[in-house]
Amino acid sequence: MSDHSLPEGLTFPCTLDIKIFLRTGEDNFSLVRGVVLQHVGMRDLIRISDRISGGGKYQSLSCRVRASNKQQMDRLYQDLTAHPDIVMVI
């Protein structure tokens, strides 16, 4: 299992914020958006926004999703962290 943990006391379904840090790349926003949509679907993707670091080397994406269960979030986390350009997911 991965080394992440969800906040204690969560009751599903619930709304969660996910922050993804990755190396800046030409198509990384679309790639990450695709992975998130694969797990939560368009209906449950509430918001996604991005920001480039001051030096331009890194990009952060903030996602707000409606999560159905812990297993769904575990699978999303695993798929995100498996990508070589993703540095961290919180």
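Residues in the stretch 51-60: is at least one polar (S, T, N, Q) and farther than 20 Å from HIS83 by Cβ? Checked against the condition, which is being polar (S, T, N, Q) and farther than 20 Å from HIS83 by Cβ, the stretch 51-60 yields no hits at all. Whenever a residue of the stretch 55-71 is polar (S, T, N, Q), its partners that are in a strand (DSSP E or B), lying with C-beta atoms within less than 6 angstrom and at least six residues away or across chains, give the pairs GLN59/LEU22; GLN59/ASP50; GLN59/ILE52; SER60/PHE21; SER60/ARG51; SER62/LYS19; SER62/SER49. Just wondering, is there one or more residues in the stretch 59-68 that are part of a helix (DSSP H, G or I) and either at pLDDT 95 or above or exposed (fewer than 12 other Cβ atoms within 10 Å of the Cβ) (or both)? No, the conditions are met nowhere in the stretch 59-68. The residue that is farthest from the chain's Cα centre (by Cα), among those in the stretch 72-90 that are part of a loop (DSSP other than H, G, I, E, B) and touching a residue at least 12 places away in the same chain (Cβ under 8 Å), is ASP85. Inspect the stretch 17-28 for any residue being assigned to a helix (DSSP H, G or I), out of contact with any helix residue (DSSP H, G or I) (no Cβ under 9 Å at 6 or more places or on another chain) and farther than 13 Å from ILE86 by Cβ and give the result as yes or no. No, the stretch 17-28 contains no residue that is assigned to a helix (DSSP H, G or I), out of contact with any helix residue (DSSP H, G or I) (no Cβ under 9 Å at 6 or more places or on another chain) and farther than 13 Å from ILE86 by Cβ. Of all residues in the stretch 42-71, those being among the hydroxyl-bearing types (Ser, Thr, Tyr) and farther than 22 Å from ASP27 by Cβ number 1. Pull up the stretch 31-52, narrow it to residues that are out of contact with any strand residue (DSSP E or B) (no Cβ under 7 Å at 6 or more places or on another chain) and not aliphatic (A, V, I, L, M), then point me to the one that is surrounded by the fewest Cβ atoms within 10 Å (Cβ to Cβ). Here the residue is ARG43.
The values are calculated or read from the model by the stated rules, or taken from the named source; none is laboratory data. Predicted model, so just to flag it, every value in this text is computed and none were measured. Heads up, the Cβs are rebuilt from the backbone with ideal geometry, glycines too, and the neighbour counts pull from every protein chain shown.
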